[in-house]
Every structure is written in structure tokens, then in C-alpha cells.
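For reference, the structure discussed in these notes is given below.
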Amino acid sequence: MLEQLALIEPSAVGENVAEAALEHLVRAHARLVFKIAYSVLRNHHDAEDAVQEVFLRVMRQRRDLSAVRDVRAWLARITWRVAVDRRNPPQLSDAETTAALEQLRSHAAGADHAAIGSQMLALTERLIANLPADLRDALTLSTVEEMTSSEIAAVLAIPETSVRTRLFRARKLLKEKLASLLEGKAL
């Protein structure tokens, strides 16, 4: 189907076939594109706008689609770039950190119960948002669609070993920050 879309020139007859092929591509990959955009932007409306922009770019590049080997990775890369261009990551303030920790401690729950609570999830999301961009990007792609290291490498245009290193460093840094916060120490 992609080959048909790539070879078709817009004309009165070919336009219907091109639209059908593009519609098939959108239907097959819209969920992936939305999930990646939402994981970066954390806003439903912004993610929808990013999805539209991604598929507009695909439509403009339809002549080049025959050269695409892995459509999923190609779309993920386009989506990632669009979303990162639109993103303005929230900064974790000291007041937010203190409030989240007090809320966690006030529940007087064990570590197992606290880890599954919504407060812990919110705190973890804030800590991830404050990771260095290179670490945050790799970690986000790893957890959004459970992409493999090779797929993440294709999206970020870096070597696969760099992806693994970034994932290791991001997880280690998160673990250290969470342990420090839960023990009552300052970051």
C-alpha cells in the first residue's frame, strides 16, 4: 500500500487511490503516533495537533515512502521530532516536591503501598520531566510503546549502545532521586 502511495502523482484518477493509501497508513499507525506525541507533550489537545502535523508531513513526503524500510520507526521519529519541537517541559519546583512528599508521608503507608499510589506516580513523572533531555527522551520512548533499543536508536538517530547507556543512567538517576526524597534528604 505504501508503494502505491509513493508512486502516485496527484491527478483526478490517482488522487482517490492516494487518499485511500494515506487513510490506511493513518488508521494503522495513528495510535502509535498519538501515544508518542502525548508522552512528550502531556496534553491531549497538543498531542492531537502534533498527530495532524505528522500526517501532513507524511502526505507531503509520499513520493519518498517507497524508500522507507520500517514505517513504524520512521513515523515514530517524525512524531518525536514534532512533539519535542512543541514541548515546554514543566519544571519541578521545591514547593511541589515538598508538597508531594508531605502527602506521601501523611498517608503512613508502607513503601509497597506508596509506590502504587497516585502521589508516587505524580512525583515520578515530575522527576522524569526534570531529567536531562537526552536521558528523558530515551526513557520516555522506552516506556511509551516499549520500544527496543534499536528502535529508539533509529528515532533519536544515535547508536544503540548510546541508547542503552542513556536508559541505564536515567533509571539509576531516578532511583537515587526517589530514594533520597523518600528518606527525607534534599535533592
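Before moving on, here are some points about what is shown:
A quick yes/no check of all residues on (1) modelled with pLDDT under 90; (2) within 18 Å of R63 (Cβ to Cβ); (3) outside any helix (DSSP H, G or I):
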{"position": "E9", "(1), (2), (3)": "yes, yes, yes"}
{"position": "E19", "(1), (2), (3)": "yes, yes, no"}
{"position": "A28", "(1), (2), (3)": "no, no, no"}
{"position": "R31", "(1), (2), (3)": "no, no, no"}
{"position": "A37", "(1), (2), (3)": "no, no, no"}
{"position": "V40", "(1), (2), (3)": "yes, no, no"}
{"position": "A47", "(1), (2), (3)": "no, no, no"}
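- Among the residues of region 124-176, those that are polar (S, T, N, Q) and assigned to a helix (DSSP H, G or I) comprise T124, T140, S142, T143, S149, S150, T161, S162, T165.
- Across region 127-170, the number of residues qualifying as surrounded by fewer than 15 Cβ atoms within 10 Å (Cβ to Cβ), of a type in the set (V, I, T) and within 12 Å of the chain's Cα centre (by Cα) comes to 1.
- Against the criterion of being at positive phi, out of contact with any strand residue (DSSP E or B) (no Cβ under 6 Å at 6 or more places or on another chain), at pLDDT below 85 and of a type outside the set (K, R), A100 does not qualify.
- Evaluation of I158 against (1) more than 28 Å from V54 (Cα to Cα); (2) among the β-branched types (V, I, T); (3) at pLDDT 90 or above (one fails), failing number: (1)
The values are calculated or read from the model by the stated rules, or taken from the named source; none is laboratory data. The structure presented is a predicted model; accordingly, all values stated were derived computationally and were not measured. Ideal geometry is used to build each Cβ from the backbone, glycine not excepted, and the neighbour counts take in all protein chains shown.
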